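This report refers to the structure that appears directly beneath it.
Laboratory data are not the source of any read-out in this text; all were calculated from the coordinates shown. This is a predicted model, so every value here is computed, not measured. A quick note on method: Cβ atoms are made from the backbone with ideal geometry, for glycine too, and the neighbour counts reach across all protein chains shown.
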Amino acid sequence: MADEVSDSSQAVAAGQLRSFIERIERLEEEKKALADDIKEVYAECKGTGFDVKAVRQLIRIRKQDKAEREEAEAILDLYMNALGM
């Protein structure tokens, strides 16, 4: 009887593990598809004459909150002034 409980517990754990693995695999596929879509948008952006490097930087900046962005800009200005730029 104890062996039956152990076997069913292992089967449940194996089933849960398989479920987790399959979910992760599906999400990885979705992530790749999204990355491909983003790459296409950047290509379109470049094709219309925009500087992709600047666009990427804008996206990074927009992810920051205002205080974080202001602090980074202040530090950059300070360093640039120190270098005479």
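What is the helix-to-structure angle for 52-63, meaning the angle in degrees between its Cα long axis and the longest Cα principal axis of the chain, kept from 0 to 90 and rounded to the nearest 10? Roughly 70 degrees between the two axes.
Axis angle, to the nearest 10 degrees, between helix 2-47 and the longest C-alpha principal axis of the chain: 20 degrees.
When the Gaussian network model of the chain links Cα atoms closer than 10 Å, the mean-square fluctuations of L34, L58, L17 top out at L17. Evaluated over the Cα positions of the chain, the convex hull gives a direction-averaged projected area, one quarter of its surface, of 10.8 nm². By the beta-carbon count within 10 Å of each Cβ, the least crowded to most crowded order of Y79, Y42, fewest first, is Y79, Y42. In terms of other Cβ atoms within 10 Å, F50, F20 run from fewest to most in the order F20, F50. Within the shell defined by Cβ-Cβ distances under 11 Å, the residues around V52 carry a net charge of +2, with Lys and Arg each +1 and Asp and Glu each -1.
Principal axis extents of the C-alpha atoms in the stretch 1-50 (largest first, rounded to whole Å): 72, 9, 5.
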